[in-house]
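**Q** Pasting a structure here, questions to come.
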Amino acid sequence: MKRWFFMTIIIGAFFVSAGYIKWFDFDVNLDIMKQAYEYDVKSQRDGTTPLDFVQLLAYSAAKNWGDFPKQGRCKHIDTIVTRINEGERLHDITAEMDLYKFYLEAYGAVLGGFVGDFEVEGERRYGLKVFHPIARGYHFSHSDDFGNPRNYGYSRPHLGHDFFGSIGTPIIAVECGTVEALGWNRYGGWRIGIRSFCGKRYYYYAHLKKDTPYVQGLKEGQKVQAGDVIGFLGNTGYSHNENVSNIKQPHLHFGMQIIFDEEQKDGNNQIWIDAYAITRFLNQNRMEVANKQRTIKTNNFPFE
């Protein structure tokens, strides 16, 4: 009872006082994302009642108070799918669930538009419409490093996810969007910032390659497509001077910022989420490139 009262106060503070979400944790593990995604895709394939990936995750979060285990499936997703397939409506089930409404908005900002219809060589398909940031065929290593300490310039937590790989590895646009930032930053070196067309997601790709950080012709204001090659992995940054490689291990710093109000973009109340599980989820969809240019072929891989 105390926990419910406490959470109700928090939700009220987010939606009534602030008018927009100022903070939340995205703590959905890979197994649960797979579970919800597979139900979504199966419902489309079988022609049964359509199930929505984000809605299933939001319902699960509401039932779990947003506190997910690090691995394993969620019984609440299995239960709600059964109820929907037996004829109940999700709208009716969740009508009085304030937590569901909160997580639907929060998770919709993180994952909205990831799953849906798309075409490959004229063939209609349904599934993931977004891509892993590292091109197919290029090795990388990574671990969950979100929040680890960083000391260059000032002490701060690491608000991103690092992929360690070889200099020159092609970097892929996760989804369609507009290039909002391009150039040098003393911390991130050569970097790219891409805003999703919905405006909710800002992708930050940093420490790009010395001398040739970007694909030829890339500029601020340009529209990019999901799967486009946008740049190349490197080790630039940690310098006031441009084009300096002071990062010891070549890697891509990949960040996901979630934006509910424009004042969050560069001001207070920025929300950067732990993208480790998301990038593992996206590992099933990596773009094959030829001569470091985008091809039209997508490649489905198993989850890690």
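**Q** Got at least one residue in segment 102-111 being open to solvent by 10 Å² or more (accessible area, probe 1.4 Å) and within 25 Å of residue 290 (Cα to Cα)?
**A** no
**Q** For residue 207, all conditions in the list (1) surrounded by 18 or more Cβ atoms within 10 Å (Cβ to Cβ); (2) on the phi < 0 side of the Ramachandran plot hold save one; what is the number of the exception?
**A** Just one mismatch for residue 207, condition (2).
**Q** Step by step: first the residues of segment 11-29, then only those that are of a type in the set (A, V, I, L, M) and at pLDDT below 50, then the one that is surrounded by the fewest Cβ atoms within 10 Å (Cβ to Cβ). Which residue is that?
**A** If we take residues in segment 11-29 being of a type in the set (A, V, I, L, M) and at pLDDT below 50, then 16 is surrounded by the fewest Cβ atoms within 10 Å (Cβ to Cβ).
**Q** Follow-up question, since we're still on this one. Applying the selection to segment 112-125, what residues are out of contact with any Phe, Trp or Tyr (no Cβ under 8 Å at 6 or more places or on another chain), touching a residue at least 24 places away in the same chain (Cβ under 8 Å) and of a type outside the set (Asp, Glu)?
**A** Residues satisfying the conditions are 112, 113, 120.
**Q** Name the pairs: first residue in segment 134-145 and farther than 13 Å from residue 276 by Cα and open to solvent by 60 Å² or more (accessible area, probe 1.4 Å), second residue hydroxyl-bearing (Ser, Thr, Tyr) and modelled with pLDDT of 95 or more, Cβ to Cβ under 6 Å, at least 6 apart or on different chains?
**A** Filtered contacts from segment 134-145: 138/169.
**Q** Do any residues in segment 177-200 that are more than 16 Å from residue 218 (Cβ to Cβ) and open to solvent by 10 Å² or more (accessible area, probe 1.4 Å) have Cβ atoms under 6 Å from those of residues that are of a type outside the set (D, E, K, R) and outside any strand (DSSP E or B), where the two are at least six apart or on different chains, and which pairs are they?
**A** 186/240; 197/176; 200/109; 200/259
**Q** Show me the strands (runs of 3 or more DSSP E) found entirely inside segment 175-291 where at least 2 residues are among the aromatic types (Phe, Trp, Tyr).
**A** 201-206
Residues are listed down the side, and each one gets a yes or a no for (1) in contact (Cβ under 8 Å) with a residue 60 or more places away in the chain; (2) surrounded by 14 or more Cβ atoms within 10 Å (Cβ to Cβ):
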{"residue": "130", "(1), (2)": "yes, yes"}
{"residue": "152", "(1), (2)": "yes, no"}
{"residue": "157", "(1), (2)": "no, no"}
{"residue": "162", "(1), (2)": "yes, yes"}
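**Q** Tell me, which residue of segment 49-81 that is part of a loop (DSSP other than H, G, I, E, B) and among the aromatic types (Phe, Trp, Tyr) is surrounded by the most Cβ atoms within 10 Å (Cβ to Cβ)?
**A** Among those residues, the one meeting the criterion is 68.
**Q** Only residues in segment 240-269 that are among the basic types (Lys, Arg) count as the first member; pair them with residues that are in a loop (DSSP other than H, G, I, E, B), Cβ under 9 angstrom, at least 6 apart or cross-chain, and list the lot.
**A** 248/235; 265/259
**Q** Output the residue which, of all residues in segment 210-248 that are among the β-branched types (Val, Ile, Thr) and surrounded by fewer than 19 Cβ atoms within 10 Å (Cβ to Cβ), is farthest from residue 118 (Cα to Cα).
**A** Here the answer is 244.
**Q** Conditions: (1) acidic (Asp, Glu); (2) open to solvent by 50 Å² or more (accessible area, probe 1.4 Å); (3) modelled with pLDDT of 95 or more; (4) touching a helix residue (DSSP H, G or I) at 6+ places or on another chain (Cβ under 6 Å). Residue 98 meets all but one. Number of the miss?
**A** (3)
The values are calculated or read from the model by the stated rules, or taken from the named source; none is laboratory data. Bear in mind that the values here come from a model prediction, so they are computed numbers and not experimental data. Cβ coordinates were reconstructed from backbone atoms using ideal geometry, including for glycine residues, and neighbour counts include every protein chain displayed. Each accessible area value is taken on the protein alone, full model and side chains, heavy atoms only, with ligands, DNA and RNA left out. Shrake-Rupley method; radii C 1.70, N 1.55, O 1.52, S 1.80 Å.
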